[in-house]
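> Before anything else, here's the structure in question.
Here, each number is a calculation from the coordinates, and none is a lab measurement. Remember, it's a predicted structure, so these values are computed and weren't measured experimentally. Methodologically, a virtual Cβ is constructed for each residue, glycine included, from the backbone with ideal geometry; neighbour enumeration extends over all protein chains shown.
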Amino acid sequence: MRCPFCGSENTSVKDSRSAEDNTAVRRRRVCEACGARFTTFERVQLREIMVVKRDGKRVPFDRDRLTRSITIALRKRPVDREQIDQMVSGIARKLESGGETEVTSNEVGEFAMEALRQVDPVGYVRFASVYKDFRDPNDFAQFIEQTSLEDESDPE
């Protein structure tokens with residue numbers, strides 16, 4: 001593993017443990033050249049998932065981008081980083097286990113909204129406002145009303 005600080009390839013693992021609901025391995029590393037410490041994560045990737053954007057472009061699924069989007073939606077909310085990592089891991093598992101090599105950005109957005117809906121209602125609405133491109137306050141009101149009606153009809 002290359003050191004992100006000095007670029008040396010001479011690093012060693014000081015500690016390993018499972019992370020993200022046992023779907024990843026977290027490794028603490030130290031660079032033998034400069035002494036810097038850093039953390040890496042190792043995950044199994046079953047297959048390369050391509051995301052088909054609204055404009056038709058195909059890009060590789062990017063966990064980090066999804067994590068950033070969810071983190072922004074949950075900014076200043078009582079949700080810790082571990083919960084966000086678990087949400088993203090769950091979404092990635094759904095995509096990988098779906099059997100398809102291509103998914104639409106709409107599917108990824110819907111999975112993210114469902115995960116946020118279960119964790120934090122404010123983050124859910126924030127994410128939806130960007131994902132569904134809300135234009136004015138009435139869009140928020142309509143979305144919240146629609147969501148409330150769906151919750152009332154949910155048999156759980």
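> With springs only between Cα atoms under 10 Å apart, run a GNM on the chain and tell me which of 142, 83, 118 wobbles the most.
142
> Would you please give the FRET efficiency between residue 55 and residue 139, computed as 1/(1 + (r/R0)^6) with r the Cβ-Cβ distance and R0 = 25 Å, to the nearest 0.05?
After rounding, the FRET efficiency stands at 0.65.
> May I pose another question? Taking only the Cα atoms of region 40-100, how large is their convex hull per residue, in Å³?
So the per-residue Cα hull volume is 102 Å³.
> Treat every Asp and Glu Cβ in region 47-151 as -1 and every Lys and Arg Cβ as +1, leave all other atoms uncharged, and give the resulting dipole magnitude about the Cα centre to the nearest 20 debye.
So the dipole magnitude of region 47-151 works out to roughly 400 debye.
> Sticking with this one: With an 8 Å Cα cut-off and a minimum separation of 6 or more residues, compute the relative contact order for the chain in percent. Can you show the working numbers first?
Working: 178 pairs, mean separation 24.8, N = 156.
Across the chain, relative contact order equals 16 percent.
> Taking only Cα atoms of region 1-44, what ratio of Rg to Rh do you get with Rh as the Kirkwood inverse-distance radius?
Using Cα coordinates only, the ratio equals 1.03.
> Moving on. Looking at 3, 104, 124, which one has the Cα that reaches farthest to the positive end of the dipole of the chain (charges on Cβ: Lys, Arg +1; Asp, Glu -1)?
Selected residue: 3.
> Could you work out how far apart the two model spin labels at residue 105 and residue 77 are, taking each label as a point 7 Å from the Cα in the direction of the beta carbon, and quote it in nm?
2.1 nm
> Continuing with this model, one more query. Please state the Cα pair-distance histogram of region 53-156 with 5 angstrom bins from zero: what percent is in each bin?
So the P(r) values, bin by bin, are 2, 11, 22, 22, 19, 15, 7, 1.
> Put +1 on the Cβ of each Lys and Arg and -1 on the Cβ of each Asp and Glu in region 13-120; which of 44, 95, 71 then has its Cα farthest toward the positive end of the dipole?
Of the listed residues, the answer is 71.
> A 30 angstrom limit on the alpha carbon distance is what I want to check against. Which of 76/132; 94/132; 14/53; 14/94 exceed it?
14/53; 14/94
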